[in-house]
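The values are calculated or read from the model by the stated rules, or taken from the named source; none is laboratory data. Predicted model, so just to flag it, every value in this text is computed and none were measured. Virtual Cβ from ideal backbone geometry, glycine too; neighbours counted across all protein chains shown.
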Amino acid sequence: MTQEITHINSQRKDRSKQGKSIRILQITDCHLHTDPKWKLAGINTQTSFEWVMELAGQSKEAIDLLLLTGDLVHDASIAGYKRLNQHVQRLGVRACCLPGNHDQPDILSEHLTGGLVEAPKIVDLGAWLVIMLDSTIPHSEGGHLSDQEIATLQQTLSEYTDRHILIALHHHPVKINSAWMDDMSLDNPEAFLSILSQHKQVKAVIWGHIHQHFETLYNGIQMLGTPSTCIQFVENQDSFGISTKPPGFRWLELFPDGRITTGIERVPALPPGLDLKTAGY
């Protein structure tokens, strides 16, 4: 099985070989829409996305890669994907995308490609490799890794034993202490985690979907969930709840020796209109 590999330009790719770190920003759960004035829980998702992208743009010279990890367009519309593509092109940083449960993978891959935007399976960053997995199930909010995705993961890890590995997907593979959201997690985490335990070069797994900051360790591997660019969900709560925390992104610094530092940056405040009485999304 031959996998398509995206190579970041050689100058940036070689930074990790020269003792320099690679900086990644994870942007996730934008929930853009055909209508740029559309709102989710009272918040205009286009506005909040633009605020987050403006924050990211303040340090764009230091960014090597954007990872967009799903639920990018709420109604999976061509107009929404094209508008997202235009924003990323204007930022001027290479971006790699994967789908979430609100996306249509085929539409995403057609309209989030070209120029600086791609939807690859593997991203070559020199000493590091990013593996992009599709965890979506058609017409389902929950996640699943198909036999093909599991095979891709296993083959890639077996082939690239000399690289440090970052894995990106949309659905969370570990519980986050939130019953309603954990019902929509990856439904076959055992197969996924079993493979990780066999390959010590895996350093971190990142995902979207949960609209909140989450960090834990699994067998020494950093497991990282990231806030949405729109509304956030209340952490450590079994029932649905909307948080007043503002949107943001996760940054990751990948070092040549396999170390990772990471953190969350948020815009100062939410756009006006948040409806805390919203019962779902």
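What's the number of the condition Leu112 fails, among (1) within 17 Å of the chain's Cα centre (by Cα); (2) modelled with pLDDT of 95 or more?
Answer for Leu112: the failing condition is (2).
Which one of these is touching a residue at least 12 places away in the same chain (Cβ under 8 Å), surrounded by fewer than 17 Cβ atoms within 10 Å (Cβ to Cβ) and farther than 23 Å from Leu252 by Cβ: Gly80, Gly114, Gly92, Gly57?
Answer to the check: Gly114.
Pairs, please: C-beta under 7 Å, at least 6 apart or cross-chain, first residue surrounded by fewer than 24 Cβ atoms within 10 Å (Cβ to Cβ) and in region 96-109, second polar (S, T, N, Q)?
Asn101/Thr136; Asn101/Ser140; Pro105/Thr136
Would region 203-217 turn up any residue that is in a helix (DSSP H, G or I), touching an Asp or Glu at 6+ places or on another chain (Cβ under 9 Å) and aromatic (Phe, Trp, Tyr)?
no
Consider region 82-102. How many of its residues are over 16 Å from the mean Cα position of the chain (by Cα) and more than 25 Å from Leu129 (Cα to Cα)?
Number of matching residues: 5.
From Pro272, Pro268, Pro227, grab the single residue that is modelled with pLDDT under 95 and either loosely packed, with under 15 Cβ neighbours inside 10 Å or under 16 Å from Leu66 (Cα atoms) (or both).
None of the others qualify; the one that does is Pro272.
Just wondering, is there one or more residues in region 249-265 that are under 15 Å from the mean Cα position of the chain (by Cα), at pLDDT 95 or above and among the aromatic types (Phe, Trp, Tyr)?
So far as region 249-265 goes, yes, one or more of its residues are under 15 Å from the mean Cα position of the chain (by Cα), at pLDDT 95 or above and among the aromatic types (Phe, Trp, Tyr).
State yes or no: is Pro246 modelled with pLDDT of 95 or more, within 16 Å of Glu50 (Cα to Cα) and surrounded by 12 or more Cβ atoms within 10 Å (Cβ to Cβ)?
The answer is yes for Pro246.
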